[in-house]
1. With every atom except the alpha carbons ignored, what do you get for Rg and Dmax of the stretch 338-397, in angstroms?
2. Quick check: residue separation of Leu273 and Glu317 times 0.36 nm, minus the Cα distance between them. What number comes out in nm?
3. What are the ³J(HN,Hα) values, in whole Hz, obtained from phi via the Karplus relation 6.51 cos²θ - 1.76 cosθ + 1.60 with θ = phi - 60°, for each residue of the stretch 75-86 in sequence order, with x given for Gly and Pro?
4. Quick query: amide H of Lys229 versus all other amide H atoms, modeled in the peptide plane; which residues come in under 5 Å with a sequence gap of 5 or more or a different chain?
5. Report P(r) for the chain: all Cα-Cα distances, bin width 20 Å, range 0 to the bin holding the largest distance, values in whole percent.
6. Would you kindly give the portion of the calculated P(r) for the stretch 43-118 that falls above 22 Å, as a percent of all Cα pairs?
7. Can you work out the accessible area per residue across the chain, with the rest of the protein chains kept in place, probe 1.4 Å, in square angstrom?
8. Once every DSSP H run of n ≥ 4 in the chain is given -39500 (n - 2.57) and the sum is divided by its residues, what mean residue ellipticity at 222 nm do you get, rounded to the nearest 500 deg cm²/dmol?
Amino acid sequence: MSETKSQSTSVLGNMQPSKAIVKLAVPATLALLAKAVYNIVDTAYIGMLHSDIALTAVGVTLPLLLIMVSIENIFAAGAAVLAGRQLGAKDDQGASRTVTTVIGLSIIIGIILCVGGIILIEPLLRSFGASDASLPLAKDYAFWMFIAALANLPAQSMNCAARAESSVKISSIAVITGALLNVILDPIFMFSWGLNKGVEGASLATTVSQFVTFTILAWFYLSGRSIIKIKVKSFRPSWDLIQTVTAIGIPTAVIQICLSAASSLTNIAAAPLPDADEIIAAYGVVQRLILIGCYVVMGFMQGYQPVASYSFGAKDENRFHQSVRFALKGSLLLTVLVAAAYILCSRPLILLFNRNPIIVEYGRYLLISQVALYPAFGLCYMMTITFQTIGASRYGVFLSVIRQGLFYIPFILTLPKLIGVKGIYFSQPAADVLTILVCIFSIRSMKRIASKNMNKTA
């Protein structure tokens, strides 16, 4: 165990920040991309059913998925930052109490989400744009999503704990194993030569795979191989801990909530337009493609966050600012590369999921519009993570709201009414312009608050 702890300290506290971030980010990104396989594979296999309504049904479940991910992230991201600070301050027991308590709370919240979601499944789907035609298939798909919450929430908390102590290898193994299993199980559960469950089979396969991921992570912590220990006696929920973890984690969660709201409002904005079902189906495909780009940036941030948190907790101002500079450049570079790839390959990417020429055409332009100014996402997300880390969570919340909330929502509510489907195309780029401007003006205050708070805790 001392060797494991020494290796973790070497990476987080001694290795050159850029190298440490890359070392942690590569496996984290691979794991997240494997997680994206869940959504992409489901959508691809559902496309093989040759049913536009099936694609539409899965599209309207996306806001629910994003909401559930956001709830996962409230505690998981908050625990990762707080545990990282505690490890940097040599408080291993404090980190273990934080993570154990968060995992216990995640299990409780997962049960509440599962039961509540199943009870309210129909009104929820209606509110996210499900039509009479798509509702039955959407209910089949969403049911198993709610069952998966029982595993997803605690698994995400354990995943973030592994990240905080730089044990990214087990995290990668767990997520990649689940993703590969999903690829295998999807056709078995969906098609006539297997269980013949169609859309429901895709969701069931994903749920089984996610329980496998949870089992692997639980084994890692219960076997005593981790630096952070999960023990029943360390489960000590208190208002102060919940408040601290929630304050740190809310900005990351709010990003997901805003993505969900934006997705739902886009479906609602498309509903009165000609070819509404085709637009919603195309948008559902595009959003799942966009998740891949999001996961690339998020994986890089998962490499950055523990290095920054550890440096902040250790009061190493120089190392902290080196980490911030590298993360800023890296996030911008990654988003430019993702945007270029999506714009150049927009048509063939949509064709992977559907060959209806109407859906392909809408999907192509929707994809281009979503990533035209994609660096806005990388910049805003990186700064949100940094403000979380330095104890300025309120401003982090503000930044997490602006792109898909404060700026996007007014555009998506008005532009489609004025100029039809072009209004959907233009809403995201317009919001991204404003987001970039706000982030640029916030960089100086971010540096000032970081230095002030580190000196205050010194």
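1. 16.5, 50
2. Values: separation 44, 0.36 × 44 = 15.84 nm, distance 5.35 nm.
So the chain would gain 10.5 nm between Leu273 and Glu317.
3. Working through the residues one at a time gives 7, 5, 5, x, 5, 4, 5, 5, 5, x, 4, 5 Hz.
4. Counting only residues 5 or more places away or on other chains, the set is Ser96.
5. 26, 58, 15, 0
6. Numbers: 1348 of 2850 pairs.
Within the stretch 43-118, distances greater than 22 Å cover 47 percent of Cα pairs.
7. 39 Å²
8. Working: 17 runs with 381 residues, N = 458.
-29000 deg cm²/dmol, from helical runs alone.
The values are calculated or read from the model by the stated rules, or taken from the named source; none is laboratory data. This structure is a prediction, so every number in the text was calculated from the model and none was measured. All Cβ positions, even for glycine, are placed from backbone atoms using ideal geometry, and neighbour counts span all protein chains on display. In case anyone asks, the SASA skips ligands and DNA or RNA and just uses the protein heavy atoms, side chains included. Shrake-Rupley method; radii C 1.70, N 1.55, O 1.52, S 1.80 Å.
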